[in-house]
There are 2 protein chains.
Amino acid sequence: MSRKSIQRDAILQVIKNTTSHPGVDWIYDEVRKEIPNISLGTVYRNLRLLAQAGEIRELDIPGSAKRFDGDTSNHRHLICEKCGRIFDLYEAVDPKIEARIFQKTGFKVKRQYLKLIGLCSDCQKQEEQLKTYIYDNSLIKGGEK
Amino acid sequence: MSRKSIQRDAILQVIKNTTSHPGVDWIYDEVRKEIPNISLGTVYRNLRLLAQAGEIRELDIPGSAKRFDGDTSNHRHLICEKCGRIFDLYEAVDPKIEARIFQKTGFKVKRQYLKLIGLCSDCQKQEEQLKTYIYDNSLIKGGEK
DNA sequence: TTAAGTAATAGTAACCGTTACTATTATTAT
DNA sequence: ATAATAATAGTAACGGTTACTATTACTTAA
């Protein structure tokens, strides 16, 4: 990543200018508004380079495509299993765990990936509503998982 | 998963009889020793069914294919970033974190995925050796990442 | 300031893990 | 036994990602 490129700058800007945690497709679409004929391969290559350079973070979401985060500060993610949205969590992880593991096992922890899967408050409300419907009206709405 | 099948039983046995955390290819190879013409699709389908039924666990390793674990007890994984081996960790995760997150954010955590990436003790030794070579002989060996 | 050297690119093909499809086989309840 | 239908083998398709290749555009130094 020694030479500058307009494409890479544009990709970085797109990611830095959102607080969402976009996937490649979304990034590709956004960048094409600036550079209509940019190649998808260019997007992938530069995302890798930018992540390696530490300018962005690459998230891995179980069972779905890569996502990226322009916020490289130390934070974790809450993933709603219903709506798929990703929320930021600025909660420190117990730092003692690494020392304890090293003592016990000899394994040297370098990175902790703590992913918390659950329901965001919006989806909890929906679940509540759904329950009410079911109990009140004996209506069962399927396929919401 | 209402009817029994020889294929599914064989797949389950293969996974239960190893303490490694095998991927689909390895499982497929092992099962073919018993059932040579088993279909790869059958392996995938039954792995999904067995995981849904809670008889095995499906692991997701960042940037690599699915792996499975016949040990469904509550434990976590240490992943060596050098050799790729997966080690079991029977260390409880701070349970207070879930309550704290709910209080602060309203997000209801259902599952914690704590993956610890680092170096196993074997690979640490190799790294040490490598450093020694470099310092002693000014030999640089590349590509070991 | 131009020319040479070579990253980076666009466009496309290939790849790989996984899922979907379909005709056939095997299991279960009657 | 027979009917109903899960489950299978074999194969095709799929989606995300990477690899390839000829071309373009930075950068350095003459």
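Some notes on this structure:
- Applying the criterion of being more than 9 Å from DNA strand D (Cβ to nearest atom) and free of Cβ contacts under 8 Å to residues at least 24 places away in the same chain to the residues of the range A:1-19, the residue that is farthest from residue A:69 (Cα to Cα) is A:9.
- Residue pairs meeting the criteria (Cβ under 6 Å; at least 6 apart or on separate chains; first more than 7 Å from chain B (Cβ to nearest Cβ), in the range A:96-114; second among the hydrophobic types (A, V, I, L, M, F, W, C)): A:98/A:109
- Residue check for residue B:30: among the charged types (D, E, K, R), closer than 30 Å to residue B:118 by Cβ and either surrounded by 12 or more Cβ atoms within 10 Å (Cβ to Cβ) or more than 13 Å from DNA strand D (Cβ to nearest atom) (or both): yes
- Any hit, the range B:47-70, residues being near DNA strand C (Cβ under 9 Å from one of its atoms) and touching a His at 6+ places or on another chain (Cβ under 6 Å): yes
- Among the residues of the range B:25-43, those identified as within 13 Å of DNA strand C (Cβ to nearest atom) and either assigned to a loop (DSSP other than H, G, I, E, B) or within 14 Å of chain A (Cβ to nearest Cβ) (or both) are B:35, B:37, B:38, B:39.
- So residue B:64, is it at pLDDT below 95, surrounded by fewer than 19 Cβ atoms within 10 Å (Cβ to Cβ), among the small types (Gly, Ala, Ser) and more than 28 Å from residue A:89 (Cα to Cα): no
- Filtered by the rule that a residue be more than 6 Å from DNA strand D (Cβ to nearest atom) and surrounded by 17 or more Cβ atoms within 10 Å (Cβ to Cβ), the range B:33-43 gives a lone residue, B:43.
- Subset of the range A:44-75 that is more than 12 Å from DNA strand D (Cβ to nearest atom) and part of a strand (DSSP E or B) - its residue that is nearest to the other protein chains (Cβ to nearest Cβ): A:57
The values are calculated or read from the model by the stated rules, or taken from the named source; none is laboratory data. Every value quoted in this text rests on a predicted model; they were computed, and no experiment measured them. FYI the Cβ positions are ideal-geometry reconstructions off the backbone, even for glycines, and counts take in every protein chain you see.
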